[in-house]
Amino acid sequence: MSRENLIIAGSSFLLPFHPDWKTLEKSYQVSFAEFGNILKTLNEDNFDDVLAIILILEDIIDFNEDDSKIIDSKLALVFESIELRVSNSRKSTIIIPVSVTQQNVVDEAKYESLEISTYRKLTNSLRDIANKYTGFYLIDSSLFYLKHSKEAIFDNRNWYFSHSRFSLTGISLLITGINDVLNRTKAPASKVLVLDCDNTLWGGVIGEDLITGITLGEDGLGKAFQDFQKEIKRLLNRGVLICLASKNNERDVWEVFSNHRGMILKKDDISHWRINWNAKSTNLIEISADLGLSLDSFVFWDDSPIEREEVTSQLKNVKVVEVPKNIEDWPQILRNLSCFTKFEITNEDIEKNKQYKNLTKFNLEFKKALDRKSFLNSIEMEMETHILAADNLRRAEQLSLKTNQFNLRKQRYSSSEIQQINSLDQSVIELVSLRDRFGDHGTIAMLGLTKIENSVFFLNTFLLSCRAIGREVEVWMMKRIKSKCLELNAHTLYAEFVKTEKNQIADNFLESQGFAKVTEYNSIFQKLSKLHIGIDGILYILKLENK
Amino acid sequence: MTNFTDKLKVIFCEVFGLPEPFDNFINFKIGDFDEWDSLGNYAFLLRIEEEFAIRFSTEELSKLMSISDIINYLEAI
């Protein structure tokens, strides 16, 4: 697939020769808009391109000349132009508002200066737009000052010499920010954190030091371990599954979980575990199989360099954190791990630990079942569809970004693209949730239909989360699609299957559901490409019979 | 002298995207090839600042326009 265009627009010069801009070129065709003219860029026909805007307040407002009325009208123009773009574009838009003025503490001690209040107004309004439009992202430049001083980020000499407000360091920070946000729009966050126990969740070795001898809670290092656990708990609350891989007697570990007053984590917080004397890599493989999650969504944290090395050498896909010796730094490092960052916490995330526990209970019985079909019939499976709405849009995006195995197409849709598809005439996007007697498994599938012309539809999305594979949910979904098509008076349904390294399981599915390969391509291709639907795989057709 | 030159060669190639520096590198100046225009010169000088941990004044940024200028400057500090 060709790379998307990424336009970089600055209210002043952005040193396009900075070598770090090249990091964005791995995924994007990068170009720079004429600097100093953000409004023009926003109003140009570039809705099919990703756009990153660096807006320096002092570039658009002259605080010596402009009164508050003029300031408000200038800002209003910016907001209007941004809303116009983000409500029309299916591509991401990022903005980094920046203020370069350094105020004096005394001047600000009683009353806020016009510069600061204007900057606040600017960022608050942009934040409101970011909340309203899923494809719009705000990068808070004040976060940069946690890493570098304003003096290191801005460069007055560059300003007078070349109209660049920034130093090379400053530009690097902008690029990192843009890169981090864009990466997350394209790739999901890691899902599982696997932890060691001894000298990781607490200080000391439980088998030797016993519950009374380990370091946890109170002051000093014990407090650092406890804060580390608090950070783990935070990740848990953000939808990360917490697992243990520990060389210990299982009973000893749970004794600490149940009886040590310093423990923040409880046994119930742990989604899955392997506590034994096997190699950690073996245990990670087993946890991955039991949860039905691939190892590339796993992050491994262990204080022992030997264990880390063993996992690194055996399992290339697992992200192994280079853990420093100083425990005191652990909470901060865990907090800053970029692999777990997310734009938003969905309801699905909050329920995830519980849902995966339900799933492992199901998996355990499913494996033991002699007759799988009658087992599935006995567990009271209930599927329910939900139309796309504000409260499930992020989940729809997650499913589109994350689902590899049962996914007929390989398109990755961001939430704004999903909204765009859904807004087309007679288009349908539905999410599917699943319950059974083991409990609620959450939203596990998505299906989408796009109208090509009267009575002819295209199956733009058909994907099923790996945790619902093997239950014949896909057959139910196809039935649902067929009846939806009949509701829409469709007589023809097209579908695409794009073979990838991971979706063998979906191979032959369309044939099994009565679809046939399309042999005459031309006219349908043209119609699809008018709708911005590119076909990379095999196109199938199904004739529907109206009864 | 050689030390400066070698380091400069590396930066030069990196900034202008060259596999290796030209022969008689030392005689090159701004305008000798398309990429070394005023913007290219600026990029080159900012990278030199970073690599040599020095800082040019606005005036120096406008005056240093050839390899020999830069080498002379580096030798003098």
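The values are calculated or read from the model by the stated rules, or taken from the named source; none is laboratory data. Since we're looking at a predicted model, the values are computed, not measured. We place every Cβ from the backbone using ideal geometry, glycine too, and count neighbours over all the protein chains shown.
Here are a few things to note about the model shown:
- At least 1 residues being surrounded by 15 or more Cβ atoms within 10 Å (Cβ to Cβ) and within 13 Å of chain A (Cβ to nearest Cβ) is the threshold, and among the helices (runs of 4 or more DSSP H) wholly inside region B:9-77 those reaching it are B:38-52, B:58-63.
- Within region A:411-426, restricting attention to residues that are touching a residue at least 40 places away in the same chain (Cβ under 8 Å) and charged (D, E, K, R), the residue that is farthest from A:THR450 (Cα to Cα) is A:ARG412.
- Conditions (1) within 28 Å of A:CYS243 (Cα to Cα); (2) in contact with a strand residue (DSSP E or B) (Cβ under 7 Å, 6 or more places away or on another chain); number of the one not met by A:LEU376: (2)
- Test result for A:TYR145, assigned to a helix (DSSP H, G or I), within 14 Å of chain B (Cβ to nearest Cβ) and farther than 24 Å from A:SER81 by Cα: no
- Verdict on A:SER117 being within 30 Å of B:ARG47 (Cα to Cα) and out of contact with any Ser or Thr (no Cβ under 6 Å at 6 or more places or on another chain): no
- Selection from region A:83-117 of residues that are part of a helix (DSSP H, G or I) and closer than 27 Å to A:ASP180 by Cβ: A:GLU83, A:LEU84, A:ARG85, A:VAL86, A:SER87, A:ASN88, A:ILE116
- For region A:1-38, residues that are more than 27 Å from the chain's Cα centre (by Cα), more than 12 Å from chain B (Cβ to nearest Cβ) and farther than 14 Å from A:LEU55 by Cβ total 1.
- So A:ILE175, is it β-branched (Val, Ile, Thr), assigned to a helix (DSSP H, G or I) and surrounded by fewer than 19 Cβ atoms within 10 Å (Cβ to Cβ): no
- Residue check, A:ASP107 away from chain B (no Cβ under 14 Å) and under 25 Å from the mean Cα position of the chain (by Cα): no
- Residues that are more than 19 Å from the chain's Cα centre (by Cα) and part of a loop (DSSP other than H, G, I, E, B), drawn from region A:411-437: A:LEU424, A:ASP425, A:GLN426, A:SER427, A:ARG437
- The lone exception for A:SER288 - which of (1) over 23 Å from the mean Cα position of the chain (by Cα); (2) under 22 Å from A:LYS502 (Cβ atoms) it fails: (1)
- Qualifying residue in region A:156-164 (condition: more than 14 Å from chain B (Cβ to nearest Cβ) and either touching a helix residue (DSSP H, G or I) at 6+ places or on another chain (Cβ under 7 Å) or surrounded by fewer than 15 Cβ atoms within 10 Å (Cβ to Cβ) (or both)): no
Each row is one residue, and each column tells you yes or no for (1) under 19 Å from A:ILE54 (Cα atoms); (2) of a type in the set (Phe, Trp, Tyr); (3) in contact with a Ser or Thr (Cβ under 9 Å, 6 or more places away or on another chain).
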position	(1), (2), (3)
A:SER125	yes, no, no
A:LEU138	yes, no, yes
A:THR169	yes, no, no
A:THR176	yes, no, yes
A:ASP180	yes, no, yes
A:VAL192	no, no, yes
A:LEU195	no, no, yes
A:VAL205	no, no, no
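- When we screen A:ARG120, A:ARG184 for residues that are assigned to a helix (DSSP H, G or I), modelled with pLDDT of 95 or more and among the charged types (D, E, K, R), the only hit is A:ARG120.
- Among the residues of region B:30-74, those that are out of contact with any helix residue (DSSP H, G or I) (no Cβ under 7 Å at 6 or more places or on another chain) and farther than 22 Å from A:ARG157 by Cβ comprise B:GLY31, B:ASP32, B:PHE33, B:ASP34.
- Scoring B:ASN3 on the criteria (1) surrounded by 14 or more Cβ atoms within 10 Å (Cβ to Cβ); (2) assigned to a helix (DSSP H, G or I) leaves a single failure, condition (1).
- Residue ranges of helices (runs of 4 or more DSSP H) in region A:320-410 with at least 2 members without any contact (Cβ under 8 Å) to a residue 60 or more places away in the chain and within 22 Å of the chain's Cα centre (by Cα): A:330-336, A:393-402
- Within region A:166-199, tally of residues that are within 14 Å of chain B (Cβ to nearest Cβ) and touching a residue at least 40 places away in the same chain (Cβ under 8 Å): 4
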